[in-house]
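The values are calculated or read from the model by the stated rules, or taken from the named source; none is laboratory data. Keep in mind that this is a model prediction, so the values were computed, not measured. Glycine gets a Cβ as well: all are built from the backbone with ideal geometry, and neighbour counts include every protein chain shown. What goes into the accessible areas is simple: the full protein's heavy atoms, side chains included, and nothing from ligands, DNA or RNA. Shrake-Rupley method; radii C 1.70, N 1.55, O 1.52, S 1.80 Å.
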Amino acid sequence: MHGRPPAITDDRWPGIRQMLDSGMTIAAAARTAGVPRQAVYRRLQADAKAD
């Protein structure tokens, strides 16, 4: 694998997803998890494509 590792690993995603599902904004969830907001947007988009 080349390039930068993902900011949100598979083991961290369920916790971030739970924050979002409970009504937290993307910005607040990203700040709480210590990841870039854009990484949350990218992961949500990837999950939507997978479904």
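Among the listed values [x] 30, 26, 13; [y] 44, 20, 12; [z] 34, 26, 18, the one computed from these coordinates for Cα extents along the principal axes in Å is [z]. Under 13 Å from a point placed 7 Å out from the Cα of R17 along the Cα-to-Cβ direction: which residues of segment 26-51 have their backbone N that close? Counting only backbone N, you get 43-51.
Sequentially through segment 14-28, phi angles give Karplus couplings (6.51, -1.76, 1.60; θ = phi - 60°) of x, x, 5, 4, 5, 4, 5, 5, 7, x, 6, 6, 4, 4, 5 Hz, Gly and Pro residues having no value and appearing as x.
At a probe radius of 1.4 angstrom, the accessible area of the chain per residue rounds to 77 square angstrom. On the beta carbon distance between D47 and R4, with R0 = 22 Å, the FRET formula returns roughly 0.65.
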